[in-house]
């Protein structure tokens, strides 16, 4: 039993945006699971940056820098 | 106006899982936006692998290999 925070239905829509005609239910679940893991990782990084800045609240700029430092390697250029 | 597929509320929960006490609304929105971009990128990779395998349907294993090849560099080891 998957205990996901991220909903499955939006995952199908993300895949359609990516150009897919058909997406299995298991694939959508797997994508949700993956994005949750990535999300927690980015959030952990963002928390580090917030604390580094003397704050207890994660702000948008913490997420932005965490994304750049972490997922920036994923090369979004061809979006 | 953000037109996000991923809901904002689960993003707060992901940040709590990451150990954050407080998360701004803007931060949660930014995280959702980031995960959508990453999600579409992984889905595009997965589609490539599905087509490479002679299929039109993205299956769970396509997402899995796309994640390994793309986000694998994010080093989930310290989760």
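Is there a residue being closer than 16 Å to residue A:21 by Cα and at pLDDT 95 or above anywhere in region B:63-74? Yes - at least one qualifying residue is present in region B:63-74.
Only one entry of B:36, B:61 meets the criterion of being more than 7 Å from every other protein chain (Cβ to nearest Cβ) and either under 12 Å from the mean Cα position of the chain (by Cα) or surrounded by fewer than 17 Cβ atoms within 10 Å (Cβ to Cβ) (or both), and that entry is B:61. Filtered by the rule that a residue be out of contact with any strand residue (DSSP E or B) (no Cβ under 7 Å at 6 or more places or on another chain) and not in a helix (DSSP H, G or I), region B:33-67 gives B:53, B:54, B:55, B:59.
Just wondering, is there one or more residues in region A:15-23 that are more than 7 Å from chain B (Cβ to nearest Cβ), part of a helix (DSSP H, G or I) and in contact with a helix residue (DSSP H, G or I) (Cβ under 8 Å, 6 or more places away or on another chain)? So far as region A:15-23 goes, no, none of its residues is more than 7 Å from chain B (Cβ to nearest Cβ), part of a helix (DSSP H, G or I) and in contact with a helix residue (DSSP H, G or I) (Cβ under 8 Å, 6 or more places away or on another chain).
Check region A:24-32 and report whether any residue there is outside any helix (DSSP H, G or I) and either surrounded by fewer than 21 Cβ atoms within 10 Å (Cβ to Cβ) or more than 14 Å from the chain's Cα centre (by Cα) (or both). Yes; the residues of region A:24-32 include at least one that is outside any helix (DSSP H, G or I) and either surrounded by fewer than 21 Cβ atoms within 10 Å (Cβ to Cβ) or more than 14 Å from the chain's Cα centre (by Cα) (or both).
The values are calculated or read from the model by the stated rules, or taken from the named source; none is laboratory data. Just so we're clear, the structure is a prediction, and the values are computed from it rather than from any experiment. Cβ atoms come from the backbone with ideal geometry, glycine included; neighbour counts cover every protein chain shown.
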